[in-house]
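Nothing in this text is a laboratory measurement; each read-out follows from the coordinates by a stated rule. Nothing here was measured: the structure is a model prediction, and the numbers come from that model. Neighbour counts are summed over all protein chains in view; Cβ atoms, including those assigned to glycine, are modelled from backbone coordinates with ideal geometry.
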Amino acid sequence: MTVLEARNLPRHVAIIMDGNGRWAELQGRPRTAGHRAGSDAVRRIVRLARRLGVEQLTLYAFSEQNWGRPQDEVEALMALLHEFLLSEREEILSNAIHLRAVGSVERLPQPVREVLEPLSQRSAPGARMVLSLALSYGGREEIAAAARTLARKVARGQLSPEDVTEELLAAHIPSVAYGEPDLIIRTGGEFRISNFLLWGSAYAELFFSPTLWPDFAAEDLFQAISAYQRRERRFGLVPSVASNGHGAHANGSSALVETQACPTSPSDS
Ligand code: FPP
């Protein structure tokens, strides 16, 4: 069992959910079966993160580049997303989870947007956890879009080039709006960022798990958080200057989180 410190939980965890295809292949099943099992893993990990007191969870569910996959796989992923939004709607609302999407949402099929957009609005007030789904998302694409917006303002004379600071550019990057991730986990044994949260990952701690996403369980998340808790975050400073004010936060009064008391199945929650 992995033991976590309650005082030093990452506020914002982001996950590159990789390995659905290989999981299916290992079982001699179609890739879509891996995505369905991956969707079940999403349900488990959202529930667990909420119970742990993670303030933000950002999941890389579909990249801009994923549109280039075979049409039947894209359609299956969109159908799973639609099903997920419908089946989790009540739980999201009753557990004070604010669901939002980052990415080119306008590219998503109409039925998905018809569920996503109202749920995103309804779930916002009083949220205790923000669940961001990166959908039709690309890190380079959103930085380029932010640069275009600012360039238009400069061209119109509304802004001078000197006004284009790091802060102003960041303010135009949707995935940064709610804060940068403290911990980025990639599952499936690959060691890449794959165009995910390129701006926000500047000082994130990275954790690479060999576990294929459909098998990613509570213990895998605990291991990632435990590794995060053993890191020293310096943000380019020296230890005496870098305060622990970035990222870490207290969750409750106990010094340790009882990881065994964090069930993830629907019947336990
Ligand atoms: C990467 O695995 C995963 C994806 C491209 C899609 C992620 C989708 C889900 C987890 C399920 C649906 C999402 C929600 C929010 C309900 P891969 O297919 O590239 O795996 P591989 O590297 O083994 O081929």
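A few remarks follow.
- Here is the size of the stretch 103-214 from its Cα atoms: Rg then Dmax, 16.6, 51 Å.
- Calculated FRET efficiency for the pair residue 29/residue 165, C-beta based, R₀ 51 Å, to 0.05: 0.50
- Across q = 0.10, 0.15, 0.17 Å⁻¹, the chain modelled as identical point scatterers on its alpha-carbon atoms has Debye log10 I(q)/I(0) values of -0.53, -1.19, -1.48, in the order of the q list.
- Between residue 241 and residue 3, the FRET efficiency estimated from the beta carbon spacing at R0 = 51 angstrom works out to 0.95.
- Charge sum, other residues only, whose C-beta stays under 12 Å from residue 136's C-beta, Lys/Arg counted +1 and Asp/Glu -1: -2
- The stretch 1-136: C-alpha gyration tensor shape, a/c 1.5 cut-off, then a/b vs b/c: oblate
- In the chain, taking the dipole from charged Cβ atoms about the Cα centre, the farthest positive-side position among 178, 240, 58 is held by 240.
- Normalising the average separation of contacting C-alpha pairs (under 8 angstrom, six or more residues apart) by the number of residues puts the relative contact order of the chain at 34 percent.
- Going by neighbour counts of Cβ atoms within 10 Å, the residues 60, 178 line up, fewest first, as 178, 60.
- Amide H contacts for residue 101 (H built 1.01 Å from N in the peptide plane; partners 5 or more residues away or on another chain; cut-off under 5 Å): 133.
- Computed from point charges on the beta carbon alone (+1 for Lys and Arg, -1 for Asp and Glu), the dipole magnitude for the chain about its Cα centre is near 200 Debye.
- Taking all Cα pairs closer than 8 Å and separated by 6 or more residues, the relative contact order of the stretch 1-139 comes to 29 percent.
- Helix runs (DSSP H) in the chain reaching 27 Å along axis by Cα, Kyte-Doolittle at least 0.0: 71-94
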